[in-house]
Amino acid sequence: MSNNPLSNKLQRSRNDRYIAGVCGGIAETYGINATLVRLLFVVATLAGFAGVLLYIVAWILMPEAPI
């Protein structure tokens, strides 16, 4: 496996999760802080950009990381 974070496959996190691991998976894939990703989803929701809908779609489409 490469050390390049952009070469990782986007998957829901099994370790860094509160609901489904979507934000944790995005953070792990792109090498950023999961709290920042969660904050962006909250801001998107409050700004009317359907953050909750995007989260649910990502939950359905993103596979869960292997054990």
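The values are calculated or read from the model by the stated rules, or taken from the named source; none is laboratory data. All values reported here derive from a predicted model rather than from experimental measurement. When the accessible area is computed, the model is the full protein with side chains, heavy atoms only, and any ligands, DNA or RNA have been set aside. Shrake-Rupley method; radii C 1.70, N 1.55, O 1.52, S 1.80 Å.
Remarks
- Exactly one residue among Leu6, Leu10 is open to solvent by 50 Å² or more (accessible area, probe 1.4 Å) and modelled with pLDDT under 90, and that residue is Leu6.
- In the stretch 29-54, the qualifying residues are those that are under 22 Å from Lys9 (Cα atoms) and not in a helix (DSSP H, G or I), and the one that is most open to solvent (accessible area, probe 1.4 Å) is Asn33.
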